[in-house]
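Student: This structure is in structure tokens; I'll ask about it shortly.
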Amino acid sequence: MDTTVKGLNKWANAHSTIWFDAFRILLGAFLFYKGTYFVSNSGEFENLIAPASNFLGGMFAFHYVASAHIMGGIMIVFGLLTRWALIAQLPILIGALLINFIGEMNGINVLLSAIVLGLSMFYTVYGSGKHSADYYFKMQK
């Protein structure tokens, strides 16, 4: 496993462009925005997860989603422990896709959730890139 991750890091760093890092930063900023949006509009969040609230536990889901989006978004923007931050996002993003199929279908939300999930899976595999705290700390060794 360790050699696979190192190999992916080497490939990603060799092929990294400014766009690679820019999309990571935009992804983190979007997740941070959604986390703060959920905190400031908790009633809307409750309505959003109402179809699945029996499975998720409303307050637990609210606190997990908000804190994972806010802290994870900050970490992703700076490229600090990017893979771990994104792994914490994956269940939320999969749930965001599923909630559209359980409750009221909203095409824009499905598309947005799918794009964010795809980007998250990409950066979970390939890492944070050259312009990140992870890369900086790795080079300090």
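Student: Quick check: the angle from helix 107-126's long axis to the longest principal axis of the chain, C-alpha only, nearest 10 degrees?
Tutor: Tilt of helix 107-126: around 30 degrees.
Student: Let me ask something else about it. Go ahead and set up a Gaussian network model of the chain, Cα springs under 10 Å, then flag whichever of THR124, THR17, THR82 fluctuates most.
Tutor: THR17
Student: Of the labelled options (1) 30, 15, 13; (2) 29, 20, 14; (3) 32, 18, 13, which one gives semi-axes √(5λ) of the Cα gyration tensor in Å as computed for this structure?
Tutor: (1)
Student: So what's the back-of-envelope 222 nm ellipticity for the chain, counting only DSSP H runs of four-plus at -39500 (n - 2.57) apiece and dividing by all residues, rounded to 500?
Tutor: Here the helix-only value at 222 nm equals -27000 deg cm²/dmol.
Student: Kindly count the pairs of lysines across the stretch 2-139 whose alpha carbons are less than 19 Å apart, treating pairs on different chains or eight or more residues apart as eligible.
Tutor: Total qualifying Lys-Lys pairs in the stretch 2-139 comes to 5.
Student: Can I ask one more? Roughly how tilted is helix 18-40, in degrees to the nearest 10 and between 0 and 90, from the longest Cα axis of the chain?
Tutor: On a 0 to 90 degree scale, this one is about 30.
Student: Collect residues whose amide H, placed 1.01 Å from N in the peptide plane, falls under 5 Å from the amide H of LEU81; neighbours closer than 5 in sequence don't count.
Tutor: Hits under the 5 Å cutoff: ASP134.
Student: Build a GNM of the chain with springs between Cα atoms under 10 Å: which of ALA66, ALA29, ALA88 gets the top mean-square fluctuation?
Tutor: ALA88
Student: Please name whichever of ILE25, ALA88, ALA133 sits farthest to the positive end of the charge dipole of the chain, dipole taken about the Cα centre and charges placed at Cβ: Lys and Arg +1, Asp and Glu -1.
Tutor: Checked the options; the winner is ALA133.
Student: With springs only between Cα atoms under 10 Å apart, run a GNM on the chain and tell me which of GLY35, GLY95, GLY107 wobbles the most.
Tutor: Of GLY35, GLY95, GLY107, the Gaussian network model singles out GLY107 as fluctuating most.
A short reminder: the numbers here are calculations on the coordinates, not readings from a lab. As the structure is a computational prediction, the values presented were derived from the model and not from experiment. Every residue, glycine among them, receives a Cβ derived from its backbone with ideal geometry; neighbour counts consider all protein chains shown.
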